[in-house]
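Working notes, structure below.
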Amino acid sequence: MILKRAEYTCRNCLGLSRGRAGSWAFVRIYLLLGILLSGFPAVGQKLSNDASIRYDEKTQVFRIDAADISYVLGINENKQVQTLYWGRRLSASDTFAKPHSDSGPSSFESSVNTTRLEFVAWGGGLYVEPDLKVTFPDGNRDLVLQYVSHKIDANKLNILLKDISRNVFVELHYEMDATTGVLRRSAELRNDTREPLILEQVASGTWTLPRGDDYRLRYLTGRWAGEWQVNEQTIRPGKTVLESRRGSTGAQNNPWFAIDRTGANDQDSGDTWFGALGWSGSWQISIEQDQVRQIRVTGGPNSFDFGYKLAAGAHFETPSFYAGYSHDGIGGASRLLHRFELANIVPHTQTAKLRPVLYNSWEATEFKVDESGQEALAEKAASIGVERFVVDDGWFGQRADDHAGLGDWSVNPAKFPHGLKPLIDKVHSLGMDFGLWVEPEMVNPDSDLYRKHPDWVLNFTGRPRTEGRHQLVLNLARPDVREYVFRFLDKLLNENDIAFLKWDFNRNWSEPGWPAVAPDEQKQVYINYVRNLYAVLEELRVKHSHVEIESCSGGGSRVDLGILQYTDEVWASDNTDAFDRLSIQNGFTYAYAPGVMMSWVTDSPTWVNLRSLSLEYRFLSSMQGGLGIGANLNNWKPEDFTTAKKMVSQYKQIRETVQRGSLYRLISPENGSEYSVTESVSQDQRQAVVFAFLHSSRMNYPYPRLYLRGLKADGKYRIKALDGAVHAGTPEIESGAFWMQHGVDVDLKGDFQATAIALEATEN
Ligand code: DGJ
């Protein structure tokens, strides 16, 4: 038995051979496992931090417990994997009966439509959203999956399913994070028939909420310079589909959702289910209320224009779909997700550095970058405490504007006659590290690369190639393009002392053809492109482990839990107006940690909407994430440098709390609110920072009193103003209970005012 379990593990570790022998070995192992694993002990491994996966052999029920969550599923009489419970942690002694399918509302309705299934293929009278739909070469499109076996390995559960007659296997993967209770799910498909099949739709899995008709969905929408808007809607019968058909994540919808009860208006209380898809290509998440008022959330690559040819013996792993539950409202849900992301998703989590204060020249110089101009900016940036100096677009090829040069990644000799080295040396001598902008997946038709390789872009033979920002998308699914992208970046990093890459991706796909492969393989571009993108990023990170990477996409169009596995930070939006930014950042942090969100202080009035804001206001807005400065420092007055130096120094005192702490939205700027207030509490609860903003005073009303959260009730905290003074009469030191229950007043009146206060624990 031990030997067979080792064989099983080996298959997971080493991957499968694609040949016929491999497929038969696979079938044999699973058939054996079906028999052998039935002798599994009733109790699985106990995890650290109070998490466990247990299996009751008699009832065939799996119970996953971690943090404040229980997730329970089981095998019903039809050998289907059925969801039994997902929510607040149950008592250890609670038990579940043998699962039974739910009969439909009529004798002619198949029970697959009303049974809460974890992963269901299209077949056998299914009308709700399927997780899988295939077409076989003989025309059969019916697939009915049944339980074969399972394996529990510490915090992982794998359940193997097989079609009732054909050798198509699906292994469901579950992995529980013990600290947050966030569950990672994916599905691995294997075609062990003798012929290829076409995957027409494939999801990572379905999450099913308890029956109810009072659910509210929150989701994020946007567009260029207007990303991260929070939307709410009551879930009604039918389906809402969040998606991108753009080839990449997109700003129009972000692959994140949260569902709570319609009546719950408090940020920090109430049942909330949430999830995010780890995929940076076209994606979809459907939220469906079925005919018996169950909510099914199914997510994976977008099924639009999808058709992945899976060869005989080949396998396909879906992206990861992460989800969790919080009893502490939407605020608690974000905090769990932030914690999960920082500990499990963002690379180098064990050694991850805090985000350095950076300077970026884009808004100051746009494409007009050159050695002396950048050096002058670098000197000024260093004088206010900047730690990283980043040269943006314009340093390469014939890049005078956005019409030419993308693809020709050699330093422009007119702008940098001695290469980048003199500038990099200068930046280092000023005590900063050096970063560079690249847009590796794109090419301008006016470039040497395109003249040499016109076939390297996404295109349909003989059809127009639609340009966006005068550029085309390289087909990174092609092995030669992947090789080229890796090689030029590797060379750039080998030849220059670069600590940071800003990796841009400005336009979405069009004409997603891949003429170099057979017609029935062309649609694999949707998957292979993203896999190659991840592979290039991974390879670069391994080879240049000190280099940090930012995901930027014409603003914030490629932010998801897939890209975040390979990038240290993201650019949330090109909209750097500090007031607009409050709602942009508010929406962003519903799904993603402030510790990965870069935010720049730029010039006033801003190009976005010609609004003028004080430098202090602009700093306080940006200090709620990773602080950057993108203003034209050549235009600053001496007093601006004094203010900036003070604010940067203050930011360094609180950045760990902002970037790694727990975020509370004390007042959210949604729905035209006059106020916006966030509070970040350090992980050890010894520091809290509050940022408060006022849009416009009305009728001489005072600013609302702020009731802090997340402090130790019996701890003592000293309050101090980070900028300005605290409200007259505010005591200096009081208990956490005082600041949370009595609250604190801030003095904000007028238009576009801002202030920040910090609370520090006074006792050990
Ligand atoms: C879009 C990015 O979002 C900007 O910050 C800047 O890098 C430009 N691209 C450069 O072309």
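The values are calculated or read from the model by the stated rules, or taken from the named source; none is laboratory data. Only a predicted model underlies this, so the values are computations on that prediction, with no experimental measurement involved. Every residue, glycine among them, receives a Cβ derived from its backbone with ideal geometry; neighbour counts consider all protein chains shown. Calculation scope for accessible area: heavy atoms of the full protein, side chains included, ligands and nucleic acids excluded. Shrake-Rupley method; radii C 1.70, N 1.55, O 1.52, S 1.80 Å.
Only one residue in 18, 5 is outside any helix (DSSP H, G or I) and either among the hydroxyl-bearing types (Ser, Thr, Tyr) or modelled with pLDDT under 50 (or both). Which one?
On the way: 5 fails: outside any helix (DSSP H, G or I).
On inspection, the qualifying residue turns out to be 18.
Based on what the data block shows, is residue 243 crowded, with 23+ Cβ neighbours inside 10 Å, among the acidic types (Asp, Glu) and within 15 Å of the chain's Cα centre (by Cα)?
Working: crowded, with 23+ Cβ neighbours inside 10 Å: no; among the acidic types (Asp, Glu): yes; within 15 Å of the chain's Cα centre (by Cα): yes.
Judged against the criteria, residue 243 is not a match.
Is segment 723-738 home to any residue that is surrounded by 21 or more Cβ atoms within 10 Å (Cβ to Cβ), modelled with pLDDT of 95 or more and not polar (S, T, N, Q)?
Taking segment 723-738 first, the residues surrounded by 21 or more Cβ atoms within 10 Å (Cβ to Cβ) are 736.
Next, from what is left, pick out any that are modelled with pLDDT of 95 or more: 736.
Remaining after also requiring not polar (S, T, N, Q): 736.
Yes, segment 723-738 contains a residue that is surrounded by 21 or more Cβ atoms within 10 Å (Cβ to Cβ), modelled with pLDDT of 95 or more and not polar (S, T, N, Q).
Please work out which residue is farthest from residue 659 (Cα to Cα), limiting yourself to segment 536-552 and to residues that are in contact with an Asp or Glu (Cβ under 7 Å, 6 or more places away or on another chain) and within 12 Å of the ligand (Cβ to nearest atom).
Taking the candidates together, the pick is 552.
Listed here are the residues, each with its yes/no results for (1) over 20 Å from residue 535 (Cβ atoms); (2) within 16 Å of the ligand (Cβ to nearest atom); (3) modelled with pLDDT of 95 or more.
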residue	(1), (2), (3)
401	yes, yes, yes
412	yes, yes, yes
439	no, yes, yes
445	yes, no, yes
449	yes, no, yes
488	no, no, yes
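Which numbered condition in (1) of a type in the set (A, V, I, L, M); (2) assigned to a loop (DSSP other than H, G, I, E, B); (3) more than 16 Å from the ligand (Cβ to nearest atom) is the only one that residue 381 fails?
With respect to (1) of a type in the set (A, V, I, L, M); (2) assigned to a loop (DSSP other than H, G, I, E, B); (3) more than 16 Å from the ligand (Cβ to nearest atom), residue 381 is out only on (2).
In segment 540-578, how many are in contact with a helix residue (DSSP H, G or I) (Cβ under 9 Å, 6 or more places away or on another chain) and either modelled with pLDDT under 95 or assigned to a helix (DSSP H, G or I) (or both)?
Looking only at that region, the number is 5.
Can you go through 225, 203 and tell me which one is more than 28 Å from residue 582 (Cα to Cα) and of a type outside the set (S, T, N, Q)? I'd like the intermediate steps shown before the answer.
Values: 225 fails: more than 28 Å from residue 582 (Cα to Cα).
Criteria check complete, one pass: 203.
The conditions are (1) within 24 Å of residue 176 (Cβ to Cβ); (2) part of a loop (DSSP other than H, G, I, E, B); (3) of a type outside the set (D, E, K, R), and residue 259 fails exactly one of them. Which is it?
Evaluating residue 259 over (1) within 24 Å of residue 176 (Cβ to Cβ); (2) part of a loop (DSSP other than H, G, I, E, B); (3) of a type outside the set (D, E, K, R) leaves (2) as the failure.
Which of the numbered conditions does residue 423 fail, given that it passes all the others? Conditions: (1) surrounded by fewer than 22 Cβ atoms within 10 Å (Cβ to Cβ); (2) within 18 Å of residue 365 (Cβ to Cβ).
Of everything listed in (1) surrounded by fewer than 22 Cβ atoms within 10 Å (Cβ to Cβ); (2) within 18 Å of residue 365 (Cβ to Cβ), residue 423 misses just condition (1).
Which residue is nearest to the ligand (Cβ to nearest atom), if the candidates are limited to segment 384-397 and must be open to solvent by less than 10 Å² (accessible area, probe 1.4 Å) and out of contact with any helix residue (DSSP H, G or I) (no Cβ under 8 Å at 6 or more places or on another chain)?
My answer is 390.
Go through segment 504-526 and give me each residue that's in contact with a Ser or Thr (Cβ under 7 Å, 6 or more places away or on another chain), surrounded by fewer than 20 Cβ atoms within 10 Å (Cβ to Cβ) and in contact (Cβ under 8 Å) with a residue 60 or more places away in the chain.
Of everything in segment 504-526, just one residue is in contact with a Ser or Thr (Cβ under 7 Å, 6 or more places away or on another chain), surrounded by fewer than 20 Cβ atoms within 10 Å (Cβ to Cβ) and in contact (Cβ under 8 Å) with a residue 60 or more places away in the chain, namely 515.
Which residues, counting only those in segment 614-657, are buried (at least 22 other Cβ atoms within 10 Å of the Cβ), of a type in the set (A, V, I, L, M) and over 15 Å from residue 386 (Cβ atoms)?
Result: 620, single match.
What single numbered condition from (1) part of a helix (DSSP H, G or I); (2) touching an Asp or Glu at 6+ places or on another chain (Cβ under 9 Å); (3) open to solvent by less than 40 Å² (accessible area, probe 1.4 Å) fails to hold for residue 338?
All conditions pass for residue 338, except number (2).
Residues 116, 89: which one is under 26 Å from the mean Cα position of the chain (by Cα) and within 24 Å of residue 323 (Cβ to Cβ)? Give the derivation first.
Values: 116 fails: under 26 Å from the mean Cα position of the chain (by Cα).
Only one candidate qualifies: 89.
Could you please let me know if residue 564 is away from the ligand (no atom under 14 Å from the Cβ), of a type in the set (A, V, I, L, M, F, W, C) and within 13 Å of the chain's Cα centre (by Cα)?
Values: away from the ligand (no atom under 14 Å from the Cβ): yes; of a type in the set (A, V, I, L, M, F, W, C): yes; within 13 Å of the chain's Cα centre (by Cα): yes.
Yes, satisfied.
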